[in-house]
Amino acid sequence: MNKHLPEACEVYFSFTPLKMQKFFNERKLEMKKRKVVVPFMAFMLMAGLAACTSEAQKSVVEGSTPGTSASAPKPSSSALPKLAVTAAKNSIMVEETTTVSCEVAGVTWTTSDAKVATVNDAGVVTGVAAGTVTITAKKEGYKNGSVSIAVTRPAAIATLHMEDALHESADGWWGSSSMGQERGPGATPIYSKAAASDGTCIAYFGQGDKETLTFTSSAVAKVELVLTMGSSSSVEDLSTVMSAKFNDADLSLAGVAYESEGSDYTFQGVSLGYVNLKAGDNVLELSMLGSTPYLDDLVIHSKQTATIAVKAATMGTIALTGIPEDNTITIEAEQTSQLTCPTAGVSYITSNEAVAIVSETGLITGVAKGNCNITVKKSGMYSARVKVVVTEKVNPGEIKVEAESGIGEGSTITTRNTSTGETITNAWPVDAVLTLKFQATEAKAMKLIMNARGTPGVEGGYNANDVDLSTAIELKFNNAKLNLTGTVTGRSNADYELGVVTTQVGENTITITNKEAAPAIDFFKLVPNA
């Protein structure tokens, strides 16, 4: 029956009132003949009308019946027209401009990275830094349209190696002791790095270090300074680790980042911004605020032409006179030693004031037993450095004999560095003999005191083993054997009294034979026997 409903509806809606009455009368008569009650006929008519109404509504929704009052749904985004965007130039240089346009008026322009290129409301794109950006047009009722713009730097007009800079170290000494690559004041702190442009770079910066690169330009020119640097870790803000000046004007490094590409040192160019070169000398000064990425080259980019040449730093070296060949000064606590430097205007710095101090004129004063370094420096010159060994104070009438001045007979006796210098260690072989000689001005009864500590622990560990002197060593003073007693113990050196001996005028000899596990001996001291 449903397939005939559209037709029945069409017939129903075409009836006039008279035709309608006639239609019902005919149906009533027919129903009587078929013995069908009127209520059932009414039910069927109502069902038909409902079906007609449903079909009519369906036709309106599906758009099959024109002129209906139902509203049409919004078209999907895929049906929106797309904005067509073009660029006058798809590649520009830094600080150069191009224009983007759209056939539809009233669009809004945006850039994917304002650090590479910006765009204004009129569609003017300005290059900021090397890279690629997407410029997008937006407008209600349209799909976004976009165009890609590549931004490049002008060609490099010069590449200057930072190795030619003036290197100034805060303490006058370059290097990393942990890596065993110490570089002295008379050398340039260059580190071999194959990834750098020429295989070398400047490394190991600390607070107070400086690099000053001087170069000449044949003409006035606006240029971009790009510093090639490398590090194993990223630096989000270079201004936290270094500062920069060009021709005495501060360069802002705030927000300038170095991004590492992995655990190894990767070198990449970091822009320091645009500056105006002077005709003649130009100076870039970098001051380190802490650990800084390695420095390789300074690359200069410009659309203008200029001939640029580096002025390699030439530095004199500070010289000290009257210094021993081994560059070591040995003094007792409370003793002094004068450094003599022919260079005017130098400053003196001690590495440990608890061991030795130094005055503005270079007078060194021993404070306590130990080692330190005295550095002599002046801006624009390579520094000089001397080692100072401070020993215990020797009172009047006492005699001190350093163990390291002895000679081991029959074998090599190795030594190690302690608070005052060299000390005989457990590498002193069994049956080896250490011979010490000294001069005395009078024959006198003296107490012989040995400064020593226990032997190292198992396999050279830090724990010290006790040493029984009666079995560990044999000691003779001027060929007379001493009967030793007592125990040497601990990791720290201490004085051990060995007995009373008599010095003779002239040369005196102390011999020590290692019988099993000799203690670590620093020095012997002879004190008048009161």
* To do: Read through the list (1) at pLDDT 85 or above; (2) of a type in the set (A, V, I, L, M, F, W, C); (3) open to solvent by 20 Å² or more (accessible area, probe 1.4 Å), then give the number of the only condition that Met450 fails.
  => (3)
* Only residues that are over 33 Å from the mean Cα position of the chain (by Cα) and surrounded by fewer than 19 Cβ atoms within 10 Å (Cβ to Cβ): list them for region 91-101, please. => Ser91, Glu96, Thr97, Thr99, Ser101
* Structure fact -> From the option list Thr471, Thr513, Thr435, single residue qualifying as among the β-branched types (Val, Ile, Thr) and not in a strand (DSSP E or B) is Thr471
* Subset of region 110-140 [more than 29 Å from Val270 (Cα to Cα) and surrounded by 19 or more Cβ atoms within 10 Å (Cβ to Cβ)] -> Ala137
* Structure fact -> When every residue in region 351-374 that is under 15 Å from Leu320 (Cβ atoms) and under 32 Å from the mean Cα position of the chain (by Cα) is compared, the one most open to solvent (accessible area, probe 1.4 Å) is Asn373
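One residue is enough: does region 279-286 have a residue meeting the conditions more than 26 Å from Met93 (Cβ to Cβ), open to solvent by less than 60 Å² (accessible area, probe 1.4 Å) and assigned to a loop (DSSP other than H, G, I, E, B)? Please lay out each step first, then the result.
Keep residues of region 279-286 that are more than 26 Å from Met93 (Cβ to Cβ), which gives 280-281, 283, 285-286.
Restricting the remaining residues to those that are open to solvent by less than 60 Å² (accessible area, probe 1.4 Å) gives 280, 283, 285-286.
Next, only the ones that are assigned to a loop (DSSP other than H, G, I, E, B) stay: none.
Checking region 279-286: not a single residue is more than 26 Å from Met93 (Cβ to Cβ), open to solvent by less than 60 Å² (accessible area, probe 1.4 Å) and assigned to a loop (DSSP other than H, G, I, E, B).
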* **Residue count for region 241-257, restricted to those that are in contact with a Ser or Thr (Cβ under 6 Å, 6 or more places away or on another chain) and outside any loop (DSSP other than H, G, I, E, B)** => 2
* With the condition kept exactly as written, say whether any residue in region 91-107 is farther than 30 Å from Gln304 by Cβ, part of a loop (DSSP other than H, G, I, E, B) and among the small types (Gly, Ala, Ser). => yes
* Asked: Taking the stated definitions as given, is Thr159 closer than 30 Å to Ser217 by Cβ, in a strand (DSSP E or B) and open to solvent by 70 Å² or more (accessible area, probe 1.4 Å)?
  -> yes
* **Subset of region 263-278 [within 24 Å of Lys115 (Cα to Cα) and open to solvent by 70 Å² or more (accessible area, probe 1.4 Å)]** => Tyr274, Asn276
* Asked: Going through region 318-335 one residue at a time, which ones are open to solvent by less than 80 Å² (accessible area, probe 1.4 Å) and either in a strand (DSSP E or B) or on the phi > 0 side of the Ramachandran plot (or both)?
  -> Thr321, Asn327, Thr328, Ile329, Ile331, Glu332
* Structure fact -> Scanning region 479-488 for residues that are under 14 Å from Thr513 (Cα atoms) and loosely packed, with under 15 Cβ neighbours inside 10 Å gives Asn479, Ala480, Lys481, Asn483
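Based on this model, can you work out whether Glu507 counts as part of a strand (DSSP E or B) and more than 57 Å from the chain's Cα centre (by Cα)?
Details: part of a strand (DSSP E or B): yes; more than 57 Å from the chain's Cα centre (by Cα): yes.
So Glu507 fits the description; yes.
The values are calculated or read from the model by the stated rules, or taken from the named source; none is laboratory data. Source: prediction; values computed, not measured. Note that we place each Cβ from the backbone using ideal geometry, even for glycine, and neighbour counts take in every protein chain shown. Side chains included, ligands, DNA and RNA excluded: accessible areas come from the protein's heavy atoms. Shrake-Rupley method; radii C 1.70, N 1.55, O 1.52, S 1.80 Å.
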